[in-house]
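Engineer: Have a look at this one.
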Amino acid sequence: DVKVTQSSRYLVKRTGEKVFLECVQDMDHENMFWYRQDPGLGLRLIYFSYDVKMKEKGDIPEGYSVSREKKERFSLILESASTNQTSMYLCASSLVEGGYTFGSGTRLTVV
Amino acid sequence: KNQVEQSPQSLIILEGKNCTLQCNYTVSPFSNLRWYKQDTGRGPVSLTIMTFSENTKSNGRYTATLDADTKQSSLHITASQLSDSASYICVVSPMDNYGQNFVFGPGTRLSVLP
């Protein structure tokens, strides 16, 4: 089975800190995604990448950036964390024609 | 605009009972429709996937149905167990989608009580 691993289950950061969320997948998937999930809003796409060094903005990219230097790794960066970025962050990967496999999620709290 | 709606928003049932969750979508044309189960604090896990030509797909006690004419899908859970308590998310993939633009429903929160 494909495994998508997110480096942290829980994170607490201070306002203004730079935050890195790491995601690694082990099945050579082309596509990788970062979502945030908030109560009542469902899953919202932040950024996705369809190849190494390629990235595309999703629905809510403001305040975030991403990096994909290697095919298996997709990082989400919060340049200056704010309290409204407190959320559950989910990484996913997929083949071009297939559905998602999700990571377990990172619960980020910005204080 | 492509949208996916789910109902009810939340549902409470007793252990052993059956239940049905609904998904309505406006994505057209679409390639496939998936149901995911998401336990609290975890990432979603795929339960079923159906292409536009399929009407039903089962995975153990979970049975998904699809009516492409009315753009409706349902997820039926039989003989519910406490471990079924989770959020269930309907996800539709548009046609000509290079795996990059899935449309997510808001989810139905199911609580199974003893």
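Engineer: How large is the charge dipole for region B:2-88, taken about the Cα centre, if only the Cβ atoms of Lys, Arg (+1) and Asp, Glu (-1) carry charge, to the nearest 20 debye?
Structural biologist: That gives region B:2-88 a dipole magnitude of about 160 debye.
Engineer: Nearest 100 Å² is fine: what is the total accessible surface buried where chains B and A meet, probe 1.4 Å?
Structural biologist: 1500 Å²
Engineer: Sort by residue number and report every cysteine in chain B with no other cysteine beta carbon within a distance under 4.7 Å.
Structural biologist: Those would be B:CYS19, since no other cysteine Cβ in chain B comes under 4.7 Å of theirs.
Engineer: Relative contact order for region A:1-46: what percent, with Cα pairs under 8 Å and sequence separation of 6 or more?
Structural biologist: Relative contact order of region A:1-46: 33 percent.
Engineer: Continuing with the same structure: I want the local charge near A:LYS71. Using Cβ-Cβ distances under 14 Å, sum +1 for each Lys or Arg and -1 for each Asp or Glu among the other residues.
Structural biologist: -1
Engineer: Which residues make up the longest stretch of chain A clear of trypsin sites (Lys or Arg not before Pro) that lie in a DSSP loop with no more than 13 other Cβ atoms within 10 Å, not counting the sites?
Structural biologist: By the stated rule (loop sites, at most 13 other Cβ atoms within 10 Å), A:54-111.
Engineer: Which residue fluctuates most in the GNM of chain B (Cα springs below 10 Å): B:ARG61, B:ARG34, B:ARG42?
Structural biologist: In the Gaussian network model the winner is B:ARG42.
Engineer: Keeping all protein chains in the complex and leaving out DNA, RNA and ligands, what accessible area do you get for B:LEU113 with a 1.4 Å probe, in Å² to the nearest 10?
Structural biologist: 80 Å²
Engineer: Within 10 Å, at most 16 other Cβ atoms, and a DSSP state outside H, G, I, E, B define an exposed site. Report the longest part of chain B free of exposed chymotrypsin sites (Phe, Trp or Tyr not before Pro).
Structural biologist: That gives B:1-51 as the longest site-free run.
Engineer: So, counting K/R as plus one and D/E as minus one, what does the shell of residues with Cβ under 13 Å around B:GLN38 add up to?
Structural biologist: +2
Engineer: Over chain A, what is the mean sequence separation of C-alpha contacts under 8 Å (at least six apart), divided by residue count, expressed as relative contact order in percent?
Structural biologist: 36 percent
Engineer: Right, another one. Report in % the part of the accessible area of region B:54-114 that belongs to carbon and sulfur, leaving out ligands and nucleic acids; probe 1.4 Å.
Structural biologist: Its accessible area is 49 percent carbon and sulfur atoms.
Engineer: Would you calculate the volume per residue, in Å³, of the smallest convex hull containing every Cα atom of the protein assembly as shown?
Structural biologist: Looking at the protein assembly as shown, the number lands at 118 Å³ per residue.
Engineer: Continuing with this model, one more query. Net charge around B:SER53, counting only other residues with Cβ within less than 13 Å of its Cβ (Lys, Arg = +1; Asp, Glu = -1)?
Structural biologist: Around B:SER53, the surrounding residues sum to -2.
Engineer: Which of A:LYS70/B:LYS1; A:LYS70/B:LYS57; A:LYS13/A:LYS70; A:LYS13/B:LYS57; A:LYS13/B:LYS17 have a Cα-Cα distance over 32 Å?
Structural biologist: In this structure, A:LYS70/B:LYS1; A:LYS70/B:LYS57; A:LYS13/B:LYS57; A:LYS13/B:LYS17 lie more than 32 Å apart at Cα.
Engineer: Are there GluC sites (Glu not before Pro) in region A:19-111 that DSSP marks as loop and that have at most 10 other Cβ atoms within 10 Å, and which are they?
Structural biologist: Taking region A:19-111 and a limit of 10 other Cβ atoms within 10 Å, the loop GluC sites (Glu not before Pro) found are A:GLU62.
Engineer: Would you work out the relative contact order for chain B, in percent, from Cα pairs under 8 angstrom that are 6 or more residues apart?
Structural biologist: 37 percent
The values are calculated or read from the model by the stated rules, or taken from the named source; none is laboratory data. All values reported here derive from a predicted model rather than from experimental measurement. Counting neighbours? That spans all protein chains shown, and the Cβs are built from the backbone with ideal geometry, glycine included. With ligands, DNA and RNA removed, areas are computed over all heavy atoms of the protein, side chains included. Shrake-Rupley method; radii C 1.70, N 1.55, O 1.52, S 1.80 Å.
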